[in-house]
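Okay, so here's the structure we're looking at.
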Amino acid sequence: MGKEIWNGSDFSLAQTVECGQCFRFHKKDGRYTVIAGHRVGAFVQEDDSILFYGEEGDIPFWRNYFDWERDYGGLKKQLSAGDAVMAEAISYAPGIHLLRQEFFEMLISFIISQNNHIPRIQGIIARICERYGREIGEGYFAFPTPEELALADEEALRRLGCGFRARYIVDAVEKAKTKAFSPEILQTLPTEALRQRLMEICGVGQKVADCVMLFSLGRYEVFPADVWIRRVMSEAYFAGNPLSARELQQAAAERFGAKAGFAQQYLFHYGRGKKIGK
DNA sequence: ATCCAGGATCTCC
DNA sequence: GGAGATCATGGA
């Protein structure tokens, strides 16, 4: 029997897990098994109640992981005010929370994400974990640490399907082993300096850096702009006209300010789900 | 089968 | 500093 570990509105387990921000979960008749770092937990949602099946001691971790303490009701109200497109995007999936994921896992995962499909990204990450991560019970594998993934050379990563991203991962792992790229040190940097530091890694451009900052370092003001976000922003606010990266970032900053990262996730899931602009 | 994906890099102007 | 080709791979 599951233990109720959360009860509240403004949260959907399915929407949060399936909106494209995390890649390691399995769904089986309404029950989501989520793997985060070296932890695995299973969850079922019944109305506003979240039931948990897993290690009792991990509950504080999962409460933080799902970002349950934040006032999403107030956040959504603020983002929707005077913005019909944003309001529609939020109503499309009003239960999305931004997960608080692990730094190294996000770094490698979003390097893999470039010019790639989400199902394929999930497959590559799963193979990396099975090959280099340690087993954490009944067929589940932790995401490898930088030291563990350092055992993989470029050729081995290519065999797992990484393609041209293999050498990017090698460089990312090499840097992630150094203190300068530890999340603790990175977290001391202001956002722009942090972005530039991450972009020192070969294969990390602004989009990947922004995803890492948003999903693992709590930089909620950043606005990762992928193909779907470009389409949605173009359709929603610029009458379908293409816009430069600078124009897009400026529009997001003006409209969404310090909450741009949340806006981005609602817009991304909405645009991708409804194939806006495609 | 052909297209394309939560882009980044390299080249060339 | 901006536009265009190129990069591996396999799901759709």
Within 16 Å of DNA strand B (Cβ to nearest atom) and either surrounded by fewer than 15 Cβ atoms within 10 Å (Cβ to Cβ) or touching a residue at least 40 places away in the same chain (Cβ under 8 Å) (or both): which single residue out of A:ILE136, A:ILE112, A:ILE124 fits that description? A:ILE112
Could you tell me how many of the residues in the range A:64-90 are assigned to a helix (DSSP H, G or I), under 20 Å from the mean Cα position of the chain (by Cα) and free of Cβ contacts under 8 Å to residues at least 24 places away in the same chain? 0
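Scan the range A:149-167 for residues that are more than 16 Å from DNA strand C (Cβ to nearest atom) and more than 22 Å from the chain's Cα centre (by Cα) and report the count.
Qualifying residue count for the region: 2.
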Considering residues of the range A:251-278 that are within 16 Å of DNA strand C (Cβ to nearest atom) and closer than 19 Å to A:PRO94 by Cα only, the residue modelled with the lowest pLDDT: A:LYS275
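The values are calculated or read from the model by the stated rules, or taken from the named source; none is laboratory data. In this text, all values refer to a predicted model and were calculated from it rather than measured experimentally. So basically every Cβ, Gly included, is an ideal-geometry build from the backbone, and we count neighbours across all protein chains shown.
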